[in-house]
Amino acid sequence: MTVAFISHSSCRLHAMGPGHPERAERLSAIDDRVLASGLEAVLRHYDAPQAGREQLVRVHEAAYVDSILAVRPRDGLVWLDPDTAMNEHSAEAALRAAGAAVLGVDLVMSGEAGCAFCSVRPPGHHAERGRAMGFCLFNNVVVGAVHALEEHGVDRVAILDFDVHHGNGTEDMVSGDARVLFCSTFQHPFYPYSGSGPCAENVVNVPLAAGTGGEGFRAAVTEQWLPRVEAFAPQLVMVSAGFDAHREDALAQLRLREEDYAWVTTEIKRLADAHAGGRIVSCLEGGYALDALGRSVVAHINAMLG
């Protein structure tokens, strides 16, 4: 099993000011732990390309894409919402983050890689069709999923999201699209305060109460995700891999450990092996406790390797 590790130096130049939790050190923490774990020797590294405008406007409003690409402050930051800012490198980083998902899809669909992990920032699952929010500019995982549907002849894509926050942007984009099954576990009530109400048939939202640990998370996935994914029989699995539900992450109140991320990834791999030729493309979302993030990503990649 070959796992592609996709990143780009531009993703480290995007910054949202001193003290912001979504910072370049997140990618360094992942790199350091991958190296220390010995995984470096078995991963195949790729530089993320820029996503093309055509790929972005399949999921985002054209005017929104153009507005993001036009933000190039020479000095300081431009704030898009109370949590989300852009510096002079942010547009390039966002293009590379979305482009990583596209490349990951191309690699697994061609057979050059069995799975892919996109170690990129800014994250994506809060970005809606026409709005940036929650640290996110472009919805990387949906850009990749729709690329698979439009360019690779795939009929069914599952997007599985275990970030601590509800993937509101992803739901906004795929709701009602029978080609996509979206499953999300998340702390609730919690930012962005969505996901607990009625939803489309192709959406499986699983709110978890603050304090939920591995046992509750595993039960929710086993009872509510896995039967739906099995019945859907996806030809490609995309993962919104947020690691901020970890017990060491101070920005939320779920209590997962890296063993729980290994378990859910093993279950995802089992389903991908059964239905999708093993094809998984995983995109980094949240995770702000640096040491826990690095350990959790290593557990995630090891489980993809099997």
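The values are calculated or read from the model by the stated rules, or taken from the named source; none is laboratory data. These figures come from a predicted structure and were not determined experimentally. In this analysis, Cβ positions are derived from the backbone assuming ideal geometry, glycine residues included, and neighbour counts consider all displayed protein chains.
Quick notes
- Close pairs from region 56-78: first within 20 Å of residue 151 (Cα to Cα), partner among the small types (Gly, Ala, Ser) and not in a loop (DSSP other than H, G, I, E, B), Cβ under 8 Å, at least 6 apart: 56/98
- Residue pairs whose Cβ atoms lie under 8 Å apart, sitting 6 or more positions apart in sequence or on different chains, and linking a residue in region 228-249 that is free of Cβ contacts under 8 Å to residues at least 60 places away in the same chain and surrounded by fewer than 24 Cβ atoms within 10 Å (Cβ to Cβ) to a partner that is of a type in the set (A, V, I, L, M) and part of a strand (DSSP E or B), are 228/181; 228/204; 247/256.
- Subset of region 30-67 [assigned to a helix (DSSP H, G or I) and either buried (at least 19 other Cβ atoms within 10 Å of the Cβ) or in contact with a Cys (Cβ under 9 Å, 6 or more places away or on another chain) (or both)]: 30, 33, 34, 55, 56, 64, 65
- Counted residues, region 163-201 - those being more than 13 Å from residue 242 (Cβ to Cβ), without any contact (Cβ under 8 Å) to a residue 60 or more places away in the chain and of a type in the set (A, V, I, L, M, F, W, C): 8
- Out of 146, 142, 105, one residue alone is buried (at least 21 other Cβ atoms within 10 Å of the Cβ), farther than 17 Å from residue 24 by Cα, in contact with a His (Cβ under 6 Å, 6 or more places away or on another chain) and not charged (D, E, K, R). It is 105.
- Residue 239 vs. criteria outside any helix (DSSP H, G or I) and under 27 Å from residue 111 (Cα atoms): yes
- Filtering region 150-166 to residues that are within 12 Å of the chain's Cα centre (by Cα) and closer than 21 Å to residue 272 by Cα leaves 159, 160, 161, 162, 163.
- Filtered residue count, region 258-295, keeping only those that are assigned to a helix (DSSP H, G or I), farther than 23 Å from residue 28 by Cα and not hydrophobic (A, V, I, L, M, F, W, C): 6
- Top-ranked residue in region 204-227 [being part of a loop (DSSP other than H, G, I, E, B) and in contact (Cβ under 8 Å) with a residue 40 or more places away in the chain; ranked as surrounded by the most Cβ atoms within 10 Å (Cβ to Cβ)]: 212
- Applying the criterion of being charged (D, E, K, R) and out of contact with any Cys (no Cβ under 9 Å at 6 or more places or on another chain) to the residues of region 154-203, the residue that is surrounded by the fewest Cβ atoms within 10 Å (Cβ to Cβ) is 201.
- Condition check for residue 27: of a type outside the set (Val, Ile, Thr), closer than 25 Å to residue 144 by Cα and modelled with pLDDT of 95 or more: yes
- Some residue of region 15-23 being over 20 Å from residue 128 (Cβ atoms), in a strand (DSSP E or B) and either modelled with pLDDT under 95 or under 17 Å from the mean Cα position of the chain (by Cα) (or both): no
- Tally, over region 103-136, of residues that are in a loop (DSSP other than H, G, I, E, B) and touching a Pro at 6+ places or on another chain (Cβ under 7 Å): 3
- Answer from 94, 100 - the residue that is part of a helix (DSSP H, G or I), touching a Cys at 6+ places or on another chain (Cβ under 6 Å) and buried (at least 24 other Cβ atoms within 10 Å of the Cβ): 100
- Of the residues making up region 265-297, those that are under 25 Å from residue 234 (Cα atoms), among the hydrophobic types (A, V, I, L, M, F, W, C) and surrounded by fewer than 24 Cβ atoms within 10 Å (Cβ to Cβ) are 271, 274, 276.
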